[in-house]
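The values are calculated or read from the model by the stated rules, or taken from the named source; none is laboratory data. Quantities reported herein were computed from a predicted structural model and do not represent experimental measurements. Neighbour counts are summed over all protein chains in view; Cβ atoms, including those assigned to glycine, are modelled from backbone coordinates with ideal geometry.
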Amino acid sequence: MEEEVYRVYRHNPPHLFRPNAVYVVSGRILRRRKLMQALGRRQFFCETLFERAEVLGWELEAWAVLPNHYHFIARAPESASTLASFMRGVHSITAKCFNRQDGTPGRQVWHNYWDTCIQEEKAYLAGLLYVHMNPVRHGLVERAEEYPYCSLGWFKTRAAPQFAQKVMSQPVNQLVFREDI
């Protein structure tokens, strides 16, 4: 079993890697360009996210992919330090695809990603709701269940009714979340 690791980086915030912990991860495209607005790109990002999560043993619990950023919540495997490899793979695969489609080889697509190890149930529940409702918050749809690049519809069909109700009744105004992505 892997132990908890706290790593400090020179030009990035420190990271807590805890086996089997839940993480919220957010990332955005450089200069907030809407590179995922083009047809099929959000779907491709989702497919890449799902594939890389499966390969590295991360269990996705919520996701929202918008034209210029994404959020997801996932449970780490025994080796939580694979998060960097997970995100590097997602960013690399999607950037190469978008650049190939746009005829811009070598263009930097992704600005960065931010991760937080969720350590309290309240933050976990509020985080799930925040991610599920992100397309509504950004005015893309009126009902998040109708947005094909977010997990709310999936969540409602798979979660126990009591748990789903608990998540959907959370106050998100208290949640500290990366709004400046």
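Quick notes
- Positions within the range 21-78 being of a type in the set (Gly, Ala, Ser) and in contact with a Pro (Cβ under 7 Å, 6 or more places away or on another chain), in sequence order: Gly57, Ala64, Ala76
- Set side by side, the residues Ala80, Ala74, Ala144, Ala126 differ, and just one is within 19 Å of Thr48 (Cβ to Cβ), under 17 Å from the mean Cα position of the chain (by Cα) and not acidic (Asp, Glu), which is Ala74.
- Checklist (1) at pLDDT below 65; (2) under 16 Å from the mean Cα position of the chain (by Cα); (3) among the polar types (S, T, N, Q) applied to Asn12, failing item: (2)
- Test: Gly153 is surrounded by fewer than 17 Cβ atoms within 10 Å (Cβ to Cβ), in a helix (DSSP H, G or I) and under 17 Å from the mean Cα position of the chain (by Cα): yes
- Some residue of the range 99-109 being in contact with a strand residue (DSSP E or B) (Cβ under 7 Å, 6 or more places away or on another chain), within 17 Å of Ser26 (Cβ to Cβ) and not charged (D, E, K, R): yes
- The combined condition, being under 16 Å from the mean Cα position of the chain (by Cα), touching a residue at least 24 places away in the same chain (Cβ under 8 Å) and surrounded by fewer than 19 Cβ atoms within 10 Å (Cβ to Cβ), is fulfilled by Ser85.
- Pairs linking a residue in the range 41-62 that is within 19 Å of Ala144 (Cα to Cα) to a residue that is hydroxyl-bearing (Ser, Thr, Tyr), with Cβ atoms under 6 Å and 6 or more positions apart or on different chains, are Arg42/Tyr149; Phe45/Thr94; Cys46/Tyr149; Ala62/Ser151.
- Test: residue in the range 30-42 that is at pLDDT 95 or above, among the polar types (S, T, N, Q) and over 17 Å from Ser92 (Cα atoms): yes
- Scanning the range 104-124 turns up at least one residue that is within 25 Å of Phe155 (Cα to Cα), in contact (Cβ under 8 Å) with a residue 12 or more places away in the chain and small (Gly, Ala, Ser).
- Residue check for Tyr130: closer than 20 Å to Arg42 by Cα, touching a residue at least 40 places away in the same chain (Cβ under 8 Å) and part of a helix (DSSP H, G or I): yes
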